[in-house]
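The values are calculated or read from the model by the stated rules, or taken from the named source; none is laboratory data. Since this is a predicted model, take the numbers as computed values, not measurements. Cβ placement follows ideal geometry from the backbone for every residue including glycine, while neighbour counts extend to all protein chains displayed. Ligands, DNA and RNA are stripped out before the accessible areas are found, and what is left, the full protein with its side chains, is counted by its heavy atoms. Shrake-Rupley method; radii C 1.70, N 1.55, O 1.52, S 1.80 Å.
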Amino acid sequence: MRLAIFDLDNTLLAGDSDHQWGEYLCAQGLVDAEAYRAKNDQFYHDYLAGQLDVLAYQNFCQEVLGRTDKAQLEQWHAGFMRDCIEPIILAKGEALLAKHRAAGDVVMIITATNRFITGPIAQRLGVEHLIATECGMHNGQYTGELVDVPSFQGGKIIRLNTWLAEHQATLEDSYFYSDSHNDLPLLEQVTHPVAVDPDDTLRAIAEQRGWSVLSLRD
């Protein structure tokens, strides 16, 4: 099998689903908006700077999962999909997914954003294989705690290697599409690294190394 791997936020989406979820919680009055937004924004700035403490961030963003009934969370997520995600799904991204499917490739999303947020988004995009940061579950409810290695920076390689072993697959002739310099570890592992609407750091590296640079927003 040939893998076509996609980052999600600011790659297939014209925005960051993790940060948008925090904004949605604030807008709906489901958290203390001033305090939550300040922390959410700081974590996002740290991410953009390549300095995110991913464990601290997951403790922050999964806390609301651990104190809220799963059925209520799913209801909130449906509104989030409608109001925040549908408007930022990129048509060119969907077309690129379709192009890889038509070529017989196995399409995957790999994202640092947690599975609660991204599972329904991957389903909406018709992507069966999702590697996301995992949320603890107990008796059908979220625990609010991170489990497994976060799929962030080098953690994406660790999680992907586990998937490859389970599926008896390799990265031969593989693609990875991403916007972020945080994904350099995995971009360096695949056969065809593609910078998609990249941040300034990734754009400079992609141009220096002769990697493809693509926009899905034009």
Report summary line: SASA check, TYR44, accessible area w/ 1.4 Å probe, all protein chains in place, rounded to nearest 10 Å², comes out at 50
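Counting only pairs 8 or more places apart or on different chains, how many lysine pairs in the chain have C-alpha atoms closer than 29 Å?
Values: LYS39/LYS70; LYS39/LYS156; LYS70/LYS156; LYS92/LYS156; LYS99/LYS156.
Number of lysine pairs found: 5.
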Requested in this report: Would you mind telling me which residue in GLN141, GLN20, GLN62 has the biggest mean-square fluctuation in a Gaussian network model of the chain, where springs connect alpha carbons within a distance under 10 angstrom?
Outcome: GLN141
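Suppose every Lys and Arg Cβ carries +1 and every Asp and Glu Cβ carries -1, with no other charges. What dipole size does the chain come out with about its Cα centre, to the nearest 20 debye?
On the way: 16 positive and 32 negative charges, 93 e Å.
So the magnitude is around 440 debye.
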Query raised in the report: So, with a 1.4 angstrom probe, what is the percent of accessible area on the chain that is carbon and sulfur?
Result: 48
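What is region 67-165's relative contact order, in percent, from Cα pairs under 8 angstrom and six or more apart in sequence? The partial results should precede the final answer.
Numbers: 98 pairs, mean separation 22.3, N = 99.
After rounding, I find 23 percent.
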Report task. Identify which of CYS84, CYS26, CYS61 has the largest mean-square fluctuation in a Gaussian network model of the chain, with springs joining Cα atoms closer than 10 Å. Result -> CYS26
Requested in this report: Could you tell me which of PHE6, VAL149, GLN62 has its Cα farthest along the dipole of the chain towards the positive end, charges placed at Cβ (Lys, Arg +1; Asp, Glu -1), taken about the Cα centre?
Outcome: PHE6
Query raised in the report: With charges only on Cβ, +1 for K and R and -1 for D and E, what is the dipole size of region 2-61 about its Cα centre, in debye, rounded to 20?
Result: 180
Query raised in the report: Around PHE176, which amide H atoms from residues at least 5 apart in sequence, or from another chain, sit under 5 Å from its own amide H, with H modelled in the peptide plane?
Result: ILE5, HIS192, VAL194
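Starting from 0.36 nm per residue, how many nanometres of slack lie between GLU145 and GLU94 once their C-alpha separation is accounted for? Provide the component values of the computation, followed by the final result.
Values: separation 51, 0.36 × 51 = 18.36 nm, distance 3.20 nm.
Gain in length upon complete extension: 15.2 nm.
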Requested in this report: Of all alpha-carbon pairs in the chain, indicate the percentage at a distance above 25 angstrom.
Outcome: 37
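Just subtract the alpha-carbon distance of ARG101 and GLU207 from 0.36 nm times their residue separation and send over the number in nm, one decimal. Please list the in-between numbers first.
Details: separation 106, 0.36 × 106 = 38.16 nm, distance 2.76 nm.
That works out to 35.4 nm of additional length.
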Requested in this report: For region 142-218, calculate the relative contact order in percent as a whole number, restricting contacts to Cα pairs under 8 Å that are 6 or more residues apart.
Outcome: 23
Query raised in the report: What dipole magnitude, in Debye to the nearest 20, does region 36-97 give about its Cα centre under +1 on Lys/Arg Cβ and -1 on Asp/Glu Cβ?
Result: 40
Query raised in the report: In the Gaussian network model of the chain, springs joining C-alpha atoms below 10 Å, which of ALA103, ALA91, ALA49 carries the largest mean-square fluctuation?
Result: ALA103
**Report entry** Percentage relative contact order, region 19-138, counting C-alpha pairs under 8 Å, at least six apart
**Finding:** 18
**Report entry** Exposure of PHE116 as accessible area (Å², to 10), given a probe of 1.4 Å and all protein chains
**Finding:** 10
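Show HIS138, HIS192, HIS19 ordered by accessible area, largest first, where the area counts protein heavy atoms only and the probe is 1.4 Å. Numbers along the way, then the final one.
Working: HIS138 120, HIS192 55, HIS19 35 Å².
Correct descending sequence by accessible area is HIS138, HIS192, HIS19.
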Query raised in the report: Hey, how many Å between the Cα centroid of region 13-46 and the Cα centroid of region 148-218?
Result: 26
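Ordering GLU134, GLU188 by accessible area with a probe of 1.4 Å, largest first, what comes out? Write down the numbers at each step before the final one.
Details: GLU134 35, GLU188 100 Å².
Output order, biggest surface exposure first: GLU188, GLU134.
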Query raised in the report: Just how much of LYS92 is accessible, in Å², when a 1.4 Å probe is used and the result is rounded to the nearest 10?
Result: 90
